[in-house]
Amino acid sequence: MERAIKLQVRKELDGRQQFNVIKLKGSLISKGYTEIIHILDQDENYHINSFATPAESRNEVKDFIADFISSQNLADAVTVFK
(Lines give C-alpha, C1' and ligand atoms only; values in the text may rest on other atoms or scores of the structure.)
Protein backbone atom coordinates (compact mmCIF):
# COMPACT_ATOMS: atom_id res chain seq x y z
CA MET A 1 0.00 0.00 0.00
CA GLU A 2 1.14 3.52 -0.67
CA ARG A 3 -0.20 6.93 0.25
CA ALA A 4 -2.18 7.26 -2.94
CA ILE A 5 -5.12 9.51 -2.22
CA LYS A 6 -5.17 13.04 -0.84
CA LEU A 7 -8.19 15.12 0.02
CA GLN A 8 -8.13 18.88 0.47
CA VAL A 9 -10.67 19.72 3.18
CA ARG A 10 -11.74 23.26 3.98
CA LYS A 11 -11.17 24.12 7.65
CA GLU A 12 -14.25 26.31 8.07
CA LEU A 13 -17.24 23.99 7.72
CA ASP A 14 -20.81 24.28 8.93
CA GLY A 15 -22.23 21.54 11.17
CA ARG A 16 -23.74 19.54 8.32
CA GLN A 17 -20.53 19.65 6.30
CA GLN A 18 -18.47 18.62 9.34
CA PHE A 19 -20.78 15.67 9.98
CA ASN A 20 -20.59 14.56 6.35
CA VAL A 21 -16.78 14.85 6.19
CA ILE A 22 -16.54 12.67 9.31
CA LYS A 23 -19.04 10.26 7.73
CA LEU A 24 -16.90 10.11 4.57
CA LYS A 25 -13.75 9.31 6.55
CA GLY A 26 -15.58 6.68 8.61
CA SER A 27 -16.95 5.10 5.45
CA LEU A 28 -13.47 4.88 3.92
CA ILE A 29 -12.25 3.03 7.00
CA SER A 30 -15.32 0.80 7.48
CA LYS A 31 -15.28 -0.26 3.81
CA GLY A 32 -11.68 -1.38 4.28
CA TYR A 33 -10.20 1.16 1.86
CA THR A 34 -7.73 2.28 4.54
CA GLU A 35 -6.92 1.85 8.21
CA ILE A 36 -5.86 5.39 9.08
CA ILE A 37 -6.24 8.87 7.61
CA HIS A 38 -3.40 11.36 8.12
CA ILE A 39 -4.31 15.02 8.58
CA LEU A 40 -1.87 17.88 7.95
CA ASP A 41 -2.35 21.64 7.72
CA GLN A 42 -1.96 22.97 4.20
CA ASP A 43 -2.50 26.64 5.06
CA GLU A 44 -4.94 28.76 7.06
CA ASN A 45 -7.88 27.61 4.92
CA TYR A 46 -7.33 23.89 4.27
CA HIS A 47 -6.24 20.57 5.75
CA ILE A 48 -4.78 17.76 3.66
CA ASN A 49 -6.18 14.32 4.51
CA SER A 50 -4.16 11.48 3.00
CA PHE A 51 -4.42 7.75 3.25
CA ALA A 52 -2.90 4.58 1.88
CA THR A 53 -4.99 2.24 -0.19
CA PRO A 54 -4.12 -0.81 -2.31
CA ALA A 55 -3.17 0.16 -5.85
CA GLU A 56 -5.85 -2.14 -7.28
CA SER A 57 -8.56 -0.29 -5.30
CA ARG A 58 -7.44 3.26 -6.09
CA ASN A 59 -9.97 3.94 -8.88
CA GLU A 60 -12.82 2.36 -6.90
CA VAL A 61 -11.95 4.55 -3.89
CA LYS A 62 -11.77 7.70 -6.00
CA ASP A 63 -15.18 6.87 -7.54
CA PHE A 64 -16.64 6.28 -4.06
CA ILE A 65 -15.29 9.62 -2.84
CA ALA A 66 -16.57 11.49 -5.90
CA ASP A 67 -20.05 9.95 -5.50
CA PHE A 68 -20.07 10.77 -1.78
CA ILE A 69 -19.00 14.39 -2.37
CA SER A 70 -21.71 14.78 -4.98
CA SER A 71 -24.51 13.12 -3.00
CA GLN A 72 -23.70 15.05 0.19
CA ASN A 73 -23.16 18.43 -1.52
CA LEU A 74 -19.55 18.69 -0.34
CA ALA A 75 -18.06 20.03 -3.57
CA ASP A 76 -17.20 23.35 -1.91
CA ALA A 77 -15.68 21.61 1.15
CA VAL A 78 -13.69 18.59 -0.14
CA THR A 79 -11.51 18.19 -3.23
CA VAL A 80 -9.62 15.09 -4.35
CA PHE A 81 -6.01 15.77 -5.35
CA LYS A 82 -5.07 14.08 -8.60
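The values are calculated or read from the model by the stated rules, or taken from the named source; none is laboratory data. All values derive from a computational prediction rather than experimental measurement. Note: ideal-geometry Cβ built from the backbone for every residue, glycine included; neighbour counts use all protein chains shown. Accessible surface areas use protein heavy atoms only, side chains included; no ligands, DNA or RNA. Shrake-Rupley method; radii C 1.70, N 1.55, O 1.52, S 1.80 Å.
Can you pull out the GluC sites (Glu not before Pro) in the chain that DSSP calls coil and that have at most 16 other Cβ atoms within 10 Å? Please list the in-between numbers first.
Details: sites: Glu2, Glu12, Glu35, Glu44, Glu56, Glu60; in loops: Glu12, Glu35, Glu44.
Those satisfying the criteria are Glu12, Glu35, Glu44.
Roughly what angle does helix 15-30 make with the longest principal axis of the chain, taking Cα atoms, 0 to 90 degrees, to the nearest 10?
Roughly 10 degrees between the two axes.
Let me know the number of lysine pairs in the chain closer than 17 Å at the Cα, not counting same-chain pairs under 8 apart.
For the chain, qualifying lysine pairs total 11.
Counting only C-alpha contacts under 8 Å and six or more residues apart, can you give the relative contact order of the chain as a whole percent? Can you show the working numbers first?
On the way: 111 pairs, mean separation 39.5, N = 82.
It rounds to 48 percent for the chain.
Just the number please: accessible area per residue for segment 1-40, 1.4 Å probe, all protein chains included, in Å². Working shown, then result.
On the way: 2630 Å² over 40 residues.
Heavy-atom SASA per residue in segment 1-40 reads 66 Å².
Computing the accessible area with a 1.4 Å probe over protein heavy atoms, can you report the carbon and sulfur percentage for the chain?
The computed percentage sits at 48.
Rounding to the nearest 10 and keeping the result within 0 to 90°, find how far the Cα-based axis of helix 58-71 lies from the longest principal axis of the chain.
Orientation of helix 58-71: about 30 degrees from the principal axis.
Can you list which of the trypsin sites (Lys or Arg not before Pro) found in segment 1-43 are DSSP loop residues with at most 16 other C-beta atoms within 10 Å?
Details: sites: Arg3, Lys6, Arg10, Lys11, Arg16, Lys23, Lys25, Lys31; in loops: Lys11, Lys31.
Those that pass, being in a loop and sparsely packed, are Lys11, Lys31.
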